[in-house]
Amino acid sequence: MQENSELTKSQLLRVQKPGQYLGGEHNSVQKDPSQVKVRFALAFPDLYEVGMSHVGIQLLYEIINSNDSFWAERVFMPMPDMEALLRDESKPLASLESNTPLGKFDFLGFSLQYELCATNILTMLDLAGIPFRSAKRDNSHPIVIGGGPYTYHPEPISDFFDVFLLGDAEEAIEEILNIKLAWNEEIEGLGLAEQPSREVLLKRFAKVQGVYIPSLYVRDENENGEFIGYKSLPGAPTQVVRRLLPSMEGAPYLKKPIVPNIETVHNRLSVEVMRGCVRGCRFCQAGYLYRPQRERSPEEIVEIIGEALPQSGYEELSLLSLSTADYCSVVPLLKTLMDSYAKDDKLAVSFPSTRVDSLTPEVLEQVQRVRRTGFTIAPEGGTQRIRDVINKGVSDEQILETCQNVFKMGWSGIKLYFMLGLPTETDEDLQGIVDIASRIKALPDAANKDITVSVSTHVPKPHTPFQWAHQISADETIRKQRLIAKGLREHKINYRYHNSFSSFLEGIFCRGDRELSKVVEKAWSLGGRLDAWSENLDPELWMQAFEECNINPHLYLHEKDPEKAMPWDHLSCGIPKSYFLKEWKRAIRDRATPDCL
C-alpha cells in the first residue's frame, strides 16, 4: 500500500455514502500529531452507520482524548465498493480524523460486540498492511487490542489479537496507554538491535487487571489428548478476572457526542442510566457480564442530558441500560425530563426492549407525555413453563395488562420479542407465542394497532447457565420458524425472524476454540465480509471453509458435559462456574430463581 492514503473527491464519488469516509464531524477531535505521544485507532469492525450508533466507542474516544498525550481516532469497516477502491488505488485503510494509515498507530483497538465480525477484522488488518496473526508482528506494528463482550470467549479469533481487555474500560484504558507511553520513552533513540522484544511489552500489559494476552496461554491436554483448558505461561495469571468499575457515580460520560455525517442506525442521544441487572434471565449473557447493578443518580443523569443534548442536535433520547424500567428512580427521572422537554414536543424518550413487569402505569404515564415512538417489550417465551426455564418471571396476565395499558395510552403499535430453540422447548411452547400474540390482538384497545412478533434463535452463550445447552440446527430453526409463521398468519399478525444460518454461525463462534481461526482465514480468503448482514452472509462459502479446514461445525452445537473444560474457563466474569451449573440444573427442572436484589 502507498504511504499517501488520501483519496480524491472524484474517487470518493464512486462509492456509496461517501460522507462516512470524510471525517470532520461536529465534535470530532483534531490534535497536533507532533504533540501527541501515543496514538490509538478506535476500530469498529462493521459499517460506519452501525459503529457510530454505539455509545461505548464514543465514550472511549472522549476518555482517551481528554489526555493531551494521547489521541484517539476512528476507523470503520469499509463497504465492499470502498474496499475495492482502496485495493485498486493501492491505498491503506486510514483514520477519519487525520487520514493516517492504521499501521502507523501505537494501538489498533477493535470493539468486539458480536461474533460475526471476524472476517471484517481480517479485512481491516489486511487493508492496513498488518499481519493477521499476533505471532507474525514485531515492534513496527501496532498493538492489536480488543474490548467488548466477545473478549470473554474470544478463542476463535485470539490468534489475531495481541491483547484483550475484559470488562469495564473507563479506568483500565489509561493504565494500558501509560504502559505504552513509558515503553515508547524507553526505546526512543535505541537502535533496532537494542530494542526489547514485543513479548516484553505484552507481559507488562498482562499485569493490568482484566488484560488477557492470548500468546501467554497454550492448549493443555490430559494423557488421552483431551482438551483440559488453556494453561498460562510465566508472566500471566492462571485466570484473567474482568475489570470492574465499582460505581457509576461520577464515572466518565459522553459530553460531546460526535454527530455523524450520514444517517445511522440510531439517530439519538444515548445516556447510560445504570449498568448491570438484578434479574437472572438464564439466556442473557449481558446480565451476567455486567453484574453487579450500578446506577447513576437522577440528578447526575439530568445534568448529563442537559450538557450533551445541546451538543448533539438530536430529537430523541434513549435511556440506556439492560432494563431501564428497573432503574430505582425511573418515575421521578422521567417526570423531571418530561417537565423539561415535553412542553414543546421537542424530545422523544425511548427505552431499549423492556421487561413486561417493570412497565407500571406510572412509567407509561410519564413516557406517553412526549411523542410516542414504537414500544418494545420482551416476554421471550410463549408459555409460563418455558419462562420458568429461562427464569423470565412474568405471567400471561402481566403481558396482557402491559399491552392493554400501552394501547390505552395511545401508542400505535407494539413489538414483542420471543426466542425459539430454548432448552427443553416443545412445539407447545412455540404455539404459546401464537396464542399470547392472538390474545394481545384481541384486547379491547388493540383495534387498528400494529402488532409485530419478532423471534430470534437462542444461541447458548458462555458465562450463562445455558452455556452447556444444545443449540438447534439451522434446519430445525427453519421448521420452528414456519410453525410460528403459520399460526401468526392465521391471526394476521406481523412476523419477523432471524436468519437461521446466522444463528448457526454465531453459535459456533460463541463456544469455539482456537482451531476456528484457520476457518476465519479461509472464509475471508473466499470472500467472506460483513457476515452480520444477512444480504452478505454466504452459507455455501462458510461450509466450504469448514470443509477445507477439515472441521465439523455441527460438533460445536452439541450439548456440553459440565465436567469437562470449556475454552473460556481461564477467563472470569466474576461469577463462579458452580453458580452457572446450579442454575443450569434448576432450569432443566423448570425451576425459577428469585432476582438478586
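The values are calculated or read from the model by the stated rules, or taken from the named source; none is laboratory data. Predicted model only: the values in this text are computed from it and were never measured. Cβ coordinates were reconstructed from backbone atoms using ideal geometry, including for glycine residues, and neighbour counts include every protein chain displayed. Protein only, heavy atoms only, side chains kept; ligands, DNA and RNA dropped before computing areas. Shrake-Rupley method; radii C 1.70, N 1.55, O 1.52, S 1.80 Å.
Accessible area of the chain with a 1.4 Å probe: how many percent of it is carbon plus sulfur?
Working: 11970 of 24270 Å².
It is 49 percent, rounded to a whole number.
Rounding to the nearest 10 and keeping the result within 0 to 90°, find how far the Cα-based axis of helix 55-65 lies from the longest principal axis of the chain.
With both axes taken from Cα atoms, the answer is about 30 degrees.
Residue farthest toward the positive end of the dipole of the range 87-242, with Cβ of Lys/Arg at +1 and Asp/Glu at -1: which of Phe105, Asn139, Val211?
Result: Asn139.
Per residue, how much accessible surface does the range 393-436 expose to a 1.4 Å probe? Answer in Å², no decimals. Can you show the working numbers first?
Numbers: 1550 Å² over 44 residues.
Result: 35 Å² of accessible area for each residue.
Name the residue farthest towards the positive end of the dipole of the range 350-493 from the options Leu364, Ser412, Ala442, assuming +1 on Cβ of Lys and Arg, -1 on Cβ of Asp and Glu, about the Cα centre.
Ser412
Quick one: angle between helix 396-408 and the longest Cα principal axis of the chain, in degrees between 0 and 90, rounded to 10, please.
The angle comes out near 90 degrees.
With the cut-off at 31 Å, tell me which of the pairs Lys449/Lys582; Lys256/Lys461; Lys104/Lys255; Lys480/Lys582; Lys256/Lys441 have Cα atoms farther apart than that. Show your work: numbers first, answer last.
Details: Lys449/Lys582 42 Å; Lys256/Lys461 34 Å; Lys104/Lys255 29 Å; Lys480/Lys582 29 Å; Lys256/Lys441 43 Å.
Cα-Cα > 31 Å for Lys449/Lys582; Lys256/Lys461; Lys256/Lys441; rest within.
Looking at the range 254-328, which trypsin sites (Lys or Arg not before Pro) are DSSP coil and have at most 15 other C-beta atoms within 10 Å of their C-beta?
Numbers: sites: Lys255, Arg268, Arg275, Arg279, Arg282, Arg294, Arg296; in loops: Lys255, Arg268, Arg279, Arg282, Arg296.
Listed in order of number, the matching sites are Lys255.
Counting heavy atoms of the protein chains only and a 1.4 Å probe, report the per residue accessible area for the range 272-312 as a whole number of Å².
Working: 1310 Å² over 41 residues.
Accessible surface, normalised per residue, equals 32 Å².
Which whole-number percentage describes the relative contact order of the range 170-240, with Cα contacts under 8 Å and a sequence gap of 6 or more? Don't skip to the end; give the middle numbers.
On the way: 60 pairs, mean separation 17.5, N = 71.
Relative contact order of the range 170-240: 25 percent.
Can you show me the helix-derived [θ] at 222 nm for the chain, built from DSSP H runs with n ≥ 4 at -39,500 (n - 2.57) apiece and divided by the number of residues, rounded to the nearest 500. Display every interim value, and only then the final one.
On the way: 19 runs with 194 residues, N = 597.
The helix contribution divided over the chain gives -9500 deg cm²/dmol.
How far, in nm, would the chain grow between Arg439 and Leu555 when pulled straight, counting 0.36 nm per residue and subtracting the alpha carbon separation? Please list the in-between numbers first.
On the way: separation 116, 0.36 × 116 = 41.76 nm, distance 3.96 nm.
Separation in residues times 0.36 nm, less the Cα-Cα distance, equals 37.8 nm.
List the trypsin sites (Lys or Arg not before Pro) in the range 434-538 that DSSP assigns to loop (not H, G, I, E or B) and whose Cβ has at most 10 other Cβ atoms within 10 Å. Which are they? Could you put the intermediate results ahead of the total?
Working: sites: Arg439, Lys441, Lys449, Arg479, Lys480, Arg482, Lys486, Arg489, Lys492, Arg496, Arg511, Arg514, Lys518, Lys522, Arg529; in loops: Lys449, Lys492, Arg511, Arg529.
Hits after loop and neighbour filter: Lys492.
Which aspartates and glutamates, on any chain, are close to Lys392 with Cα under 20 Å apart, when same-chain ones fewer than 8 places away are left out?
Counting by Cα, and skipping residues close in sequence, Lys392 has these aspartates and glutamates nearby: Asp326, Asp357, Glu380, Glu401, Glu425, Asp427, Glu428, Asp429, Asp435, Glu583, Asp590, Asp595.
Would you calculate the volume per residue, in Å³, of the smallest convex hull containing every Cα atom of the chain? Could you put the intermediate results ahead of the total?
Numbers: hull volume 96.2 nm³, N = 597.
It is 161 Å³ per residue.
Please list His141, His491, His458 in order of solvent-accessible area, largest first, computed with a 1.4 Å probe with all protein chains present. Provide the component values of the computation, followed by the final result.
On the way: His141 40, His491 75, His458 5 Å².
I get His491, His141, His458, largest accessible area first.
Suppose a student asked you for the relative contact order of the range 361-515, using Cα pairs under 8 Å spaced at least 6 residues apart; what percent would you report?
Working: 218 pairs, mean separation 36.5, N = 155.
Contact order relative to length: 24 percent.
Would you mind telling me the antiparallel percentage of the DSSP bridges in the chain, rounded to 5? Provide the component values of the computation, followed by the final result.
On the way: 11 of 57 bridges.
Percent antiparallel among DSSP bridges in the chain is about 20.
Each residue of the range 560-566 in order: what ³J(HN,Hα) in whole Hz does its phi give by Karplus 6.51 cos²θ - 1.76 cosθ + 1.60, θ = phi - 60°, with x for Gly and Pro?
Whole-Hz 3J(HN,Hα) from phi for the range 560-566: 9, 7, x, 7, 9, 6, 10.
How large is the Kirkwood hydrodynamic radius of the range 206-314, in angstrom, based on all distinct alpha carbon pairs?
Working: mean 1/r = 0.0557 Å⁻¹.
By the Kirkwood definition, the hydrodynamic radius is 18.0 Å.
Treat each spin label as a single point 7 Å out from the Cα along the C-beta direction, and report the Asn139 to Asp427 distance in nm.
In this crude label model, Asn139 to Asp427 measures out at 6.7 nm.
About its Cα centre, what dipole magnitude does the chain give when the only charges are +1 on Lys and Arg Cβ and -1 on Asp and Glu Cβ, stated in debye to the nearest 20?
Numbers: 67 positive and 84 negative charges, 194 e Å.
Roughly 940 debye, rounded to the nearest 20.
Treating only the Cβ of Lys, Arg, Asp and Glu as charged (+1, +1, -1, -1), what charge dipole size does the range 463-597 show about its Cα centre? Round to the nearest 20 debye.
Working: 20 positive and 20 negative charges, 141 e Å.
Result for the range 463-597 is approximately 680 debye, rounded to the nearest 20.
Simple spin-label model, 7 Å along Cα-to-Cβ: Glu188 to Asn224 in nm?
Here the modelled spin labels are 5.8 nm apart.
For Glu397 and Ser10, what does the FRET efficiency come to when R0 = 56 Å and r is the distance between their Cβ atoms, rounded to the nearest 0.05? Write out the running numbers ahead of the final one.
Values: r = 63 Å, r/R0 = 1.13.
The computed FRET efficiency comes out at 0.30.
Could you work out the relative contact order of the range 453-583? I mean the mean sequence separation of Cα pairs under 8 Å and 6+ apart, divided by the number of residues, in percent.
Working: 125 pairs, mean separation 45.4, N = 131.
Normalised by residue count, the contact order of the range 453-583 is 35 percent.
Which Cα, out of Pro594, Leu86, Ser340, lies furthest along the positive dipole direction of the chain (beta carbon charges, K/R +1, D/E -1)?
Ranked along the dipole, the leading option is Pro594.
Could you check the simple spin-label distance between Gln384 and Ser412, using points 7 Å along Cα→Cβ, in nm with one decimal?
The modelled label-to-label distance comes out at 3.7 nm.
Might you tell me the accessible area per residue for the range 490-597, computed with a 1.4 Å probe and given in Å²? Let's see the in-between values first.
Details: 5580 Å² over 108 residues.
Dividing the accessible area of the range 490-597 by its residue count gives 52 Å².
By DSSP, what percent of the beta bridges with both residues in the range 1-130 are antiparallel, rounded to the nearest 5? Write down the numbers at each step before the final one.
On the way: 1 of 12 bridges.
Among the beta bridges of the range 1-130, antiparallel pairing accounts for roughly 10 percent.
Calculate how steeply helix 500-510 sits against the longest principal axis of the alpha-carbon atoms of the chain, using the helix alpha-carbon long axis, and give the answer as 0 to 90 degrees to the nearest 10.
So the helix axis and the longest Cα principal axis differ by about 50 degrees.
If I take R0 = 25 Å and measure r between the Cβ atoms of Glu263 and Glu307 in this structure, what FRET efficiency does the formula 1/(1 + (r/R0)^6) give, to the nearest 0.05? Please report the intermediate quantities before stating the final value.
Values: r = 24 Å, r/R0 = 0.98.
The computed FRET efficiency comes out at 0.55.
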